[in-house]
Amino acid sequence: MKYNFYAGPAILPREVLEEASQAVLEFSGMGLSLLEISHRSKEFIAVMDEAVALVKELLHVSDDYAVLFLGGGASTQFAMGPMNLLDNSAKAAYTDTGTWASKAIKDAKLYGQVDVIASSKDKNYSYIPKGYTLDSSYSYLHITSNNTIFGTQYRQFPEVGVPLVCDMSSDIFSRTFDINKFDLIYAGAQKNMGPAGATLVIIKKSALGKVTREIPAMLDYTNHIESESMYNTPPVFSVYVSMLNLRWIKNMGGVVAIQKLNEDKAALLYNEITRNTLFYSPTQEEDRSFMNICFLLHNKDLEKEFLSECKKAGCVGLEGHRSVGGFRASVYNAMSIAGVQVLVDVMQEFEKTKS
Ligand SMILES: *Cc1c(COP(=O)(O)O)cnc(C)c1O
C-alpha cells in the first residue's frame, strides 16, 4: 500500500476501487461485466441517474441547471464552453492563473473576443490576481478555481457582476460554494471525482441558445441535455466509479465534512513547510491551494535524496511539475490525514539528518 500524492489521475478511496473491481467482473447480478452491458440498459441508466442526483445533492444544484457526464476531458470544455456561450461578436473575460487557464484562453479566442483581465504570470503564477472590476458587457468571466500545477486556489470567487464560467477540475467536491454564481462549471473526473474518461459539466440552461453559430452535434450542450448524457456512448466505467465516489463523499458527511478534512490536511502540511528550516512554499500564503501543495528545498541538491526518503516511507507522486520544480503533494479527497502525517514525519526526519 502506497500513499498516493499524484496530481492526476489521482487517488481514489480503497472501498470505491474494491466495489468497482467487482462490477468489472459482474455487475448488478446481470451475469455480465459493467464493461460489456449496454449503456441503455436499465441497470446503467440507474447508474447515470444516481450519479446526476448525487452531484445535485452534494453541490445543491437547482433544476435551473443540467448535469452532464461527457467525454473529451476538461480540455474539450476549453472550446466547447465558448462555442456554446460566447457569440462571435461578443466578448468574454478570462483570468490567466496558470497552464490550464492559458489553454482555456487560447481556445476561447477562436470563438469571440477574449480579454485577459488579470494574470499572475509576472510571478510564475504564484498568486491569484484580485482587485479588478468588469463592465457588464462581458458574456462571462472564466476562472480556474484551483491551479493544479502552480498550487494556488481561489479562496473566494470573484464578484464582478457577470456570470462565472469555471474549470473546477482539481477541486470540485473538495469544498462548498454557491453554484448560483456560475453559468458553467466543468471538471475532468480524474483529479477529485473518479477515473479518467468522464467530464462533469454543470450548465445553467438559461445561458444556452444565445449564440448564432452552428455547433457540431457532439459539442452542443443542448443535444447532451436532451439525451441525458446518452447522445453517444458515455464513458461508462468512469461514470460508474465517479458515482461510487460521490456515494463515498455522501457517506463521509457530504462536502461540508470533506472540506473540514481537506482543511486539516492542508494545515498540517503547510504548517510543516513553514516550520521546517529546509523547505519553503513558492506560493502567496492567502492563495495557497488545499489540494495541490507545492514546496521546495532551499538546497536543491537534496531533492533526489528527499524523494528517495519519501519513497522509502511509501509516499509516491511527489515530484513537482517541471514549471515549478521541487515537490507537489496532491491531497485530494481520498488522501487520509494519516497519509499526510507520514509525509510530515519524513520531512521532520530529513531535517534532523541535514541540520
Ligand atoms: C488536469 C486538468 C485539466 C485537463 O484535464 P483533461 O481532463 O486531461 O483534459 C484541465 N484543467 C485543470 C485545472 C486540470 O487540473
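Before moving on, here are some points about what is shown:
- Distance from the stretch 312-354 to the stretch 244-301 (C-alpha centre basis), Å: 10
- The chain - Debye-derived log10 I(q)/I(0), Cα point model, q = 0.10, 0.12 Å⁻¹: -0.63, -0.89
- Restricting the stretch 1-102 to GluC sites (Glu not before Pro) in coil, as DSSP defines it, with at most 16 other Cβ within 10 Å: GLU26
- From least to most packed, judged by other beta carbons within 10 angstrom and beginning with the fewest, SER33, SER308 follow the order SER308, SER33.
- Dividing the Cα radius of gyration of the stretch 240-354 by its Kirkwood radius returns 1.00 for Rg/Rh.
- Of all aspartates and glutamates in the structure, the ones whose alpha carbon falls short of 16 Å from that of LYS130, not counting any fewer than 8 places away in one chain, are ASP96, ASP115, ASP122, GLU159, GLU285, GLU286, ASP287.
- Sparse-neighbour loop sites [GluC sites (Glu not before Pro); the stretch 192-261; at most 10 other C-beta within 10 Å; DSSP]: GLU214
- Counting neighbouring beta carbons within 10 Å and listing from fewest to most, the residues LYS312, LYS204, LYS250 come out as LYS312, LYS250, LYS204.
- Under the span-like rule (Cα at least 24 Å along the axis, Kyte-Doolittle mean at least 0.0), DSSP H helices of the chain: 42-59, 337-354
- Here LYS42 is the anchor, and the lysines within straight C-alpha reach of less than 30 Å, apart from those fewer than 8 places off in the same chain, are LYS56, LYS191, LYS204, LYS205, LYS250.
Rule-based calculations on the coordinates, nothing more; no lab input. The model shown is predicted, which means the values in this text are computed figures rather than measured ones. Note that each Cβ is placed from the backbone with ideal geometry, even for glycine, and that neighbours are counted across all protein chains shown.
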